[in-house]
Amino acid sequence: DQQVKQNSPSLSVQEGRISILNCDYTNSMFDYFLWYKKYPAEGPTFLISISSIKDKNEDGRFTVFLNKSAKHLSLHIVPSQPGDSAVYFCAASGYTGGFKTIFGAGTRLFVKA
Amino acid sequence: DTEVTQTPKHLVMGMTNKKSLKCEQHMGHRAMYWYKQKAKKPPELMFVYSYEKLSINESVPSRFSPECPNSSLLNLHLHALQPEDSALYLCASSQTPGVAGGRETQYFGPGTRLLVL
C-alpha cells in the first residue's frame, strides 16, 4: 500500500517555463512534507519542506504548496533551468508506529534548453 | 561539514559471503537510517537508530544486521544474501530523533550499490 504517490514518472519542460511536480498521500498522521532531488550516482539531497500548519513555503525558485483536505502537495519550479533535470522525490514524515519518513516513487524532470 | 560518507561505493558478493557496509557522519546527528532502493522505486526504510539505539526495524530479514558503534558510525552487516537483495543501500542522518513527529531533514550519503550473485 503506497502511502505517498507520485503518479507522473516523468515530466519534460522547456527552460524558463514552470515545472509542477505533484504528490498525493493517504495517511493523515503525516505532518511534515519534504521534497528531495536526486542526481545519478548521488544520494537524495533536501530541497524544500513544509509543515502541515502551512499551505505554502517558498525558497527562491522553489515553492511547495500543501492542500491538506485533498492530501495533495506540489512543487513549483520557476523558472526551470537545465540543471534542475533530476529525479524529485516527495516524502511525508510523521508518527506512524514510530517516527518515519515515507518516500514517493519519484518523478524524473527533464528541462530542455 | 554536511557530508554523509558511505563505503564501499560498489559491492559484488556471493550468497555465502559476509560483508559490511559502512556509513559515517560528523555533523553531530543523533539519528541514523538505512534505506534500500531498487531501480525506479522509492527509498524504503530499513532501520532507524536514535541515540545509538535501534528504534525502528521495518521487519527486515535477519540476514541484514545493523550496528551503531558510536554516534558517528553506522554499519550494515550482510550475510547469506539473496539475489533479490541487490539494490542501492542508502545511509542518512538527521539532527534529532524525531520525538515530535519527524521534522528533521535527512542528509543522505551517495549509497552503496550492491550486487548479489
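Here A:SER19 meets the list (1) within 12 Å of chain B (Cβ to nearest Cβ); (2) among the polar types (S, T, N, Q); (3) in contact with a helix residue (DSSP H, G or I) (Cβ under 9 Å, 6 or more places away or on another chain) almost entirely, failing just condition (1).
Of all residues in the range A:36-86, those satisfying the criterion of being small (Gly, Ala, Ser), more than 10 Å from the chain's Cα centre (by Cα) and assigned to a strand (DSSP E or B) are A:SER51, A:ALA86. Which one is farthest from A:ARG17 (Cα to Cα) among residues in the range A:101-113 that are open to solvent by less than 30 Å² (accessible area, probe 1.4 Å) and either assigned to a strand (DSSP E or B) or more than 7 Å from chain B (Cβ to nearest Cβ) (or both)? Among them, the one singled out is A:THR101. Among the conditions (1) in a strand (DSSP E or B); (2) modelled with pLDDT of 95 or more; (3) open to solvent by 50 Å² or more (accessible area, probe 1.4 Å), the only one that A:PHE89 does not satisfy is (3).
Yes/no matrix, rows are residues, columns are (1) under 21 Å from A:GLU42 (Cβ atoms); (2) charged (D, E, K, R):
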| residue | (1), (2) |
| --- | --- |
| B:LYS38 | yes, yes |
| B:TYR49 | no, no |
| B:GLU52 | no, yes |
| B:SER55 | no, no |
| B:HIS77 | no, no |
| B:GLN82 | no, no |
| B:SER93 | yes, no |
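Listed by position, the strands (runs of 3 or more DSSP E) inside the range B:18-117 whose residues that are more than 10 Å from chain A (Cβ to nearest Cβ), open to solvent by less than 30 Å² (accessible area, probe 1.4 Å) and at negative phi number at least 2 are B:18-25, B:31-37, B:44-50, B:64-70, B:73-79, B:87-94, B:112-116.
Of the residues screened, A:ALA113 is one that is among the small types (Gly, Ala, Ser) and more than 19 Å from B:PHE108 (Cβ to Cβ).
Of the set (1) surrounded by 14 or more Cβ atoms within 10 Å (Cβ to Cβ); (2) within 10 Å of chain B (Cβ to nearest Cβ), all apply to A:HIS76 but (2). The set of residues from the range A:55-65 being within 14 Å of chain B (Cβ to nearest Cβ) and open to solvent by less than 60 Å² (accessible area, probe 1.4 Å) comprises A:ASN57, A:VAL64. In the range A:12-46, what residues are closer than 20 Å to B:GLN37 by Cβ and open to solvent by 30 Å² or more (accessible area, probe 1.4 Å)? Within the range A:12-46, A:TYR39, A:PRO40, A:ALA41, A:GLU42, A:THR45, A:PHE46 meet the criteria.
The values are calculated or read from the model by the stated rules, or taken from the named source; none is laboratory data. Quick caveat: nothing in here was measured; it's all calculated off a predicted structure. Backbone-built Cβ (ideal geometry, glycine too); neighbour counts: all protein chains shown. Just the protein is used for accessible areas: all its heavy atoms, side chains included, with ligands, DNA and RNA removed. Shrake-Rupley method; radii C 1.70, N 1.55, O 1.52, S 1.80 Å.
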